[in-house]
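Okay, structure first, notes after.
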Amino acid sequence: MSITHLLKINVAHPQEEMIEQAATIIRGGGLVAFPTETVYGLGADALNETAVQKIFQAKGRPADNPLIVHVSSREMLSRVATDVSEKAEQLIKKFWPGPLTLVLKKCAEVAPTVSCNLPTIAARMPANPIALALIKKADTPIAAPSANRSGRPSPTTAAHVLEDLDGRIEMILDGGATHIGIESTVIDMTGSVPMILRPGWITREAIADVIGDVEQAVSEDELKRSPGTRYRHYSPRARVVLIEQATADELKNRCEELLQQGRVGLLHHTPLAITDANLFAVQLTDSAEDYARRIYAALRDLDERQPQVILIEGISEAGEGAAVMDRLRRAASEIMN
């Protein structure tokens with residue numbers, strides 16, 4: 001493959017002819033990257049084993065890292081999942097379409113590689129008009145992990161996808177920047193008590209308000225049912241140092257220490273008075289919303305400056321901040337409390 005076609009598409013009113021072009025590729029066993037409300041996904045027909053294997057090849061994805069299947073309706077969910085509990089139905093009614101992925105028992109028709117031969121499947125309904133139109137037009141559930149090379153920061157723009165996958169996939173639907181910016185919450189609904197496998201924008205507290213008690217997965221056997229839980233993810237090429245909590249003086253001192261070793265990228269929210277030609281800084285607010293929307297793009301931008309290290313200042317883990325800190329810890333080479 002040598003050409004990846006990029007189509008700029010209207011997110012509010014996706015052009016029918018562009019959706020049809022992309023759906024034709026999906027139905028033919030090819031790969032299409034498309035925007036969701038979280039990050040850009042790399043899609044293939046979830047019922048076509050050969051097509052699904054192409055996702056792993058294009059991304060360089062570990063063979064034991066399962067994929068999320070995207071559906072456009074509750075009826076389509078029945079083509080990939082079975083034994084949907086009453087609590088799962090309550091979550092679907094409350095949070096779909098949206099950034100919540102449910103782990104359910106898998107139907108036999110699903111390509112085995114989607115779930116890495118597990119008896120479960122992770123499924124969600126994205127809240128993006130382009131994604132929903134594509135799934136509906138293709139008339140098949142679409143398996144879609146993030147549309148980046150495995151381990152790299154997830155893509156929140158079409159340009160990020162092109163940077164990582166140009167020439168490896170057939171098409172990118174460019175619907176602009178995603179508005180949440182981090183991946184969905186994943187919750188396992190197959191046990192007696194629902195279990196969070198990966199934190200995301202839908203918080204544990206919000207889920208508990210709907211269905212009651214919710215546990216947090218900790219064991220390897222539990223976590224393997226979800227993508228993005230067992231490998232280093234979301235990371236730029238440069239070494240990443242995460243300072244989870246620090247005063248302004250502590251952050252400044254650590255930054256100055258690193259500058260003695262060479263070029264430094266800095267992603268922070270606390271104002272710092274450092275003037276150095278080798279310092280490249282992106283300052284955000286300390287809100288989870290701002291960090292979530294901008295961290296992946298900021299890491300990619302800082303990485304282009306070729307720093308020896310990128311220093312990241314953490315935020316509070318309250319509410320949605322837990323999901324942000326989960327992603328930053330997985331990106332980090334070194335973590336300082």
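Output yes when any residue across segment 109-128 is over 30 Å from residue 332 (Cβ atoms), touching a Lys or Arg at 6+ places or on another chain (Cβ under 8 Å) and not hydrophobic (A, V, I, L, M, F, W, C), and no when none is. There is at least one residue in segment 109-128 that is over 30 Å from residue 332 (Cβ atoms), touching a Lys or Arg at 6+ places or on another chain (Cβ under 8 Å) and not hydrophobic (A, V, I, L, M, F, W, C).
One line per residue, one yes/no per condition, for (1) β-branched (Val, Ile, Thr); (2) farther than 20 Å from residue 196 by Cβ:
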| residue | (1), (2) |
| --- | --- |
| 32 | yes, yes |
| 40 | no, yes |
| 48 | no, yes |
| 81 | no, no |
| 85 | no, no |
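When 250, 244 are checked against the criterion of being among the charged types (D, E, K, R) and open to solvent by 50 Å² or more (accessible area, probe 1.4 Å), 250 stands alone in meeting it.
You will find that of 232, 294, 263, 225, the residue that is modelled with pLDDT under 95, within 19 Å of residue 332 (Cβ to Cβ) and either open to solvent by 30 Å² or more (accessible area, probe 1.4 Å) or of a type in the set (Gly, Ala, Ser) (or both) is 232 and no other.
Please specify each residue of segment 196-222 satisfying the condition of being open to solvent by 30 Å² or more (accessible area, probe 1.4 Å) and part of a strand (DSSP E or B). Those that are open to solvent by 30 Å² or more (accessible area, probe 1.4 Å) and part of a strand (DSSP E or B): 215, 216.
Taking residues in segment 146-158 that are under 17 Å from residue 226 (Cβ atoms), and partners anywhere that are open to solvent by 20 Å² or more (accessible area, probe 1.4 Å) and among the polar types (S, T, N, Q), the pairs with Cβ atoms closer than 6 Å and at least 6 places apart or on different chains are 154/146. Looking across segment 270-292, the residues that are over 22 Å from residue 183 (Cα atoms) and in contact with a Leu (Cβ under 7 Å, 6 or more places away or on another chain) come down to 270, 272, 276, 278, 279, 280, 281.
Among residues of segment 57-79 being open to solvent by 20 Å² or more (accessible area, probe 1.4 Å), part of a helix (DSSP H, G or I) and out of contact with any helix residue (DSSP H, G or I) (no Cβ under 7 Å at 6 or more places or on another chain), the one that is nearest to residue 100 (Cα to Cα) is 75.
Residue check: residue 17 meets all listed conditions (1) loosely packed, with under 14 Cβ neighbours inside 10 Å; (2) in a strand (DSSP E or B) but one, namely (2). Checking each residue in segment 150-176 for being assigned to a loop (DSSP other than H, G, I, E, B), open to solvent by less than 40 Å² (accessible area, probe 1.4 Å) and of a type in the set (D, E, K, R) picks out only 152. All of 89, 49 fail the test of being open to solvent by 40 Å² or more (accessible area, probe 1.4 Å), free of Cβ contacts under 8 Å to residues at least 40 places away in the same chain, closer than 24 Å to residue 223 by Cα and acidic (Asp, Glu), apart from 89. Across segment 106-147, the qualifying residues are those that are part of a helix (DSSP H, G or I) and of a type in the set (A, V, I, L, M, F, W, C), and the one among them that is nearest to residue 53 (Cα to Cα) is 114.
How about segment 20-56: which of its residues are assigned to a strand (DSSP E or B) and under 12 Å from residue 173 (Cα atoms)? Answer for segment 20-56, where residues must be assigned to a strand (DSSP E or B) and under 12 Å from residue 173 (Cα atoms): 32, 33, 34, 35, 40, 41, 42, 43.
In the set (1) open to solvent by 10 Å² or more (accessible area, probe 1.4 Å); (2) over 29 Å from residue 102 (Cβ atoms), the condition left unmet by residue 315 is number (2).
The values are calculated or read from the model by the stated rules, or taken from the named source; none is laboratory data. Owing to the predicted nature of the structure, the values given are computational and were not obtained by experimental measurement. Reconstructed Cβ throughout: ideal geometry from the backbone, glycine too, with neighbour counts over all protein chains shown. What goes into the accessible areas is simple: the full protein's heavy atoms, side chains included, and nothing from ligands, DNA or RNA. Shrake-Rupley method; radii C 1.70, N 1.55, O 1.52, S 1.80 Å.
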